[in-house]
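The numbers here are math on the coordinates, done by the rules we state, and not lab data. Predicted model, so just to flag it, every value in this text is computed and none were measured. Ideal geometry is used to build each Cβ from the backbone, glycine not excepted, and the neighbour counts take in all protein chains shown.
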Amino acid sequence: MTALPNDRPPLIGEDDRDTAVRRLQEAYAAGQIAHEDLEARLHQVLTATTHGEFVSALDAIPEEDAGATSTIAAGAGRIRRRGAWRVPRTLKVESAFAKVRLDLSRAVFEHPVLDIELQLGTGKAVITVPRDAVVDVEGLRTGWKDSHYKPRRNARPGGPTIRISGAMGFGRLTIRHARR
């Protein structure tokens with residue numbers, strides 16, 4: 001007997017698979033699972049056809065650490081970070097009128113993915129990322145001006161992934177890759 005469309009289990013979406021892969025990579029980077037275990041679990045996540053198979057690949061992996069979030073806030077003036085500073089897993093930048101300058105080119109990344117959440121009213125924001133970084137700005141909403149970002153053509157693999165989300169009112173975001 002053929003199952004009716006309503007009787008089929010829900011499909012596993014690409015976003016779910018991407019999130020699971022990211023969680024497995026972060027668990028490996030944090031030393032929570034061994035390399036062989038990572039390979040087996042990645043294979044299971046990428047080939048799973050049922051939610052049971054999918055969920056079992058993530059068993060015994062701790063949930064994401066909510067404590068790996070830092071907030072930088074200023075009402076007006078400047079927000080500036082540069083040099084060899086440790087970046088958290090999630091960085092929130094909030095300002096009504098400040099100019100923002102984040103230089104991540106020499107920053108110490110403890111996680112393979114950095115989420116930057118911008119909540120900016122007016123003012124310019126400039127983010128300099130490492131030369132081999134992969135940048136995703138799909139989650140950013142801009143009110144007045146679009147963001148300026150040209151992905152590197154010859155990016156080397158292995159760099160951090162930087163996802164930028166949030167909202168900008170009347171300012172402009174410029175993202176640059178470091179030269180060195």
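Ranked by Cβ crowding within 10 angstrom, fewest neighbours first, how are Leu102, Leu38 ordered?
On the way: Leu102 24, Leu38 16.
Taking fewest neighbouring Cβ atoms as first place, the list is Leu38, Leu102.
Set the Förster radius R0 to 22 Å, insert the Cβ-Cβ distance between Gln32 and Val55 as r into 1/(1 + (r/R0)^6), and round the FRET efficiency to 0.05. Each step should come with its number before you reach the end.
Numbers: r = 17 Å, r/R0 = 0.78.
Given R0 = 22 Å and the Cβ-Cβ separation, E is 0.80.
For the chain, take the longest principal axis of its alpha carbons; what is the angle in degrees between that and the long axis of helix 35-47, to the nearest 10 within 0 to 90?
80
Per-residue counts of other Cβ atoms within 10 Å, averaged by peptide: what ranking do you get for 121-127, 40-46, highest first? Spell out each step's value before the answer.
Details: 121-127: 19.0, 40-46: 16.3.
Result, highest mean Cβ count within 10 Å first: 121-127, 40-46.
Straight-line reach from Lys150: which aspartates and glutamates have Cα under 15 Å away, leaving out those fewer than 8 places along the same chain?
Asp132, Asp136, Glu138
Quick one: angle between helix 14-29 and the longest Cα principal axis of the chain, in degrees between 0 and 90, rounded to 10, please.
Tilt relative to the chain: about 80 degrees.
How far, in nm, would the chain grow between Asp136 and Arg81 when pulled straight, counting 0.36 nm per residue and subtracting the alpha carbon separation?
Values: separation 55, 0.36 × 55 = 19.80 nm, distance 2.03 nm.
Gain on stretching Asp136 to Arg81: 17.8 nm.
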